[in-house]
Amino acid sequence: MSGDELSALRKRIAATRQLETVFTAMRGVAAARSREAQRSLDGARAYAGAVGETIRIALALSPDEPAARRAPTKRIVLAFCSEQGFAGPFDERVLSAATGLGADAALYVVGQRGEASAIERGLAVAWSTPMAAHAVDAPSVAERIADALYDQVARNQTTQVTVIHATPFSPANFGVVTRSLIPLDLARFPIAERGSPPILNLAPPLLLSLLAEEYVFAELCEATLLSFASENAARMQAMTSARSNVRKTLDELTARHRRARQEQITGEVVEISRTSGDFAGR
């Protein structure tokens with residue numbers, strides 16, 4: 001191997017080491033963000049629990065709820081996808097679940113990378129918004145989604161919304177959950193036992209309507225956090241695999257460099273010996 005080829009090999013080794021450093025750093029960031037989202041989940045769930053308990057009390061004051069529902073005339077599928085790349089099969093699994101719900105539903109996508117993935121699959125995206133960059137952004141994302149959904153509900157009182165999001169099963173794996181979001185099924189909340197009635201400033205039906213919207217917002221916060229945690233867990237796994245592949249490549253390059261350097265040294269020794277022999281023969 002010539003000196004130029006050996007120099008090029010050393011440059012490849014240096015570049016591969018830098019790539020390994022990048023993958024390691026990305027894995028660390030993804031792990032930290034996933035843990036951040038997991039810690040925030042308790043707060044979101046506690047809030048949903050408090051709203052749910054209030055709904056139970058309100059139902060006791062309005063026992064005729066829930067009213068009979070009409071068949072939905074518009075269906076929306078809300079898919080929580082990734083904001084950034086390097087997340088392995090994350091978007092593919094979520095979007096596959098979304099397309100399995102039927103082509104007649106309008107597709108709402110959360111996550112810019114997920115929107116691009118949906119378009120690449122030939123799906124029509126009716127609405128989209130960026131995903132949270134940090135766990136603390138979850139309420140803002142949930143608020144944007146809720147505004148868009150209730151804007152549609154205001155136009156069509158029989159809108160049905162189904163949400164699809166990933167949920168972390170373990171630090172290295174995630175599952176995909178599909179659940180109904182709107183209209184909120186008030187039958188999920190057992191009516192509270194009657195006690196001293198609370199003082200109300202709103203009629204029970206209106207109160208229930210507002211509480212249902214608040215509970216939907218809480219569920220959107222939880223879905224955002226679960227998806228955010230899962231996306232970063234998927235990215236962490238992808239970076240672990242990428243780093244493993246880079247290390248194998250680095251080992252191969254280092255071995256090639258070692259052999260080439262040994263061959264170069266051997267060649268130099270042989271050349272020196274030949275030159276010395278020629279000089280001694282004179």
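The values are calculated or read from the model by the stated rules, or taken from the named source; none is laboratory data. Since this is a predicted model, take the numbers as computed values, not measurements. No Cβ is skipped: glycine too gets one built from the backbone with ideal geometry, and neighbour counts run over all protein chains shown.
Structure summary
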| quantity | calculated |
| --- | --- |
| Near pairs, Cβ below 9 angstrom, 6+ apart or cross-chain, from region 153-173 (of a type in the set (Gly, Ala, Ser) and surrounded by 22 or more Cβ atoms within 10 Å (Cβ to Cβ)) to any residue that is modelled with pLDDT of 90 or more and in a strand (DSSP E or B) | Ala166/Phe80; Ala166/Val176; Ala166/Val177 |
| Top-ranked residue of region 116-131 - restricted to ones that are of a type in the set (S, T, N, Q) and more than 12 Å from Ala98 (Cβ to Cβ), ranked as surrounded by the most Cβ atoms within 10 Å (Cβ to Cβ) | Ser128 |
| Unmet requirement for Glu143, which otherwise passes all of (1) surrounded by 16 or more Cβ atoms within 10 Å (Cβ to Cβ); (2) modelled with pLDDT of 95 or more | (1) |
| Every pair of residues 6+ apart whose Cβ atoms lie under 8 Å, when the first sits in region 251-269 and is more than 10 Å from Ile13 (Cα to Cα) while the second is of a type outside the set (Lys, Arg) and modelled with pLDDT under 80 | Ala260/Met1; Ala260/Glu5; Ala260/Leu6; Arg261/Leu6; Glu263/Met1; Gln264/Met1; Gln264/Gly3; Gln264/Leu6 |
| Residues satisfying the stated conditions in region 174-197, i.e. modelled with pLDDT under 80, loosely packed, with under 11 Cβ neighbours inside 10 Å and not basic (Lys, Arg) | Glu193, Gly195, Ser196, Pro197 |
| Tabulated pairs, region 31-47, first surrounded by fewer than 16 Cβ atoms within 10 Å (Cβ to Cβ), second assigned to a helix (DSSP H, G or I) and aromatic (Phe, Trp, Tyr), C-beta under 7 angstrom, 6+ apart or interchain | none |
| Residue list for region 1-30, restricted to those being surrounded by 15 or more Cβ atoms within 10 Å (Cβ to Cβ) and outside any helix (DSSP H, G or I) | Met1 |
| First in region 117-130 and more than 13 Å from Leu78 (Cα to Cα), second anywhere and outside any helix (DSSP H, G or I) and hydroxyl-bearing (Ser, Thr, Tyr), Cβ under 7 Å, 6 or more apart | none |
| Matching option when the condition is in a helix (DSSP H, G or I) and buried (at least 23 other Cβ atoms within 10 Å of the Cβ), among Ala255, Ala242, Ala218, Ala223 | Ala223 |
| Meets criteria (farther than 29 Å from Thr240 by Cα, of a type in the set (D, E, K, R) and in contact with a strand residue (DSSP E or B) (Cβ under 7 Å, 6 or more places away or on another chain)) for Asp147 | no |
| Meets criteria (hydroxyl-bearing (Ser, Thr, Tyr), out of contact with any Pro (no Cβ under 8 Å at 6 or more places or on another chain), modelled with pLDDT of 90 or more and over 23 Å from Arg45 (Cα atoms)) for Tyr215 | no |
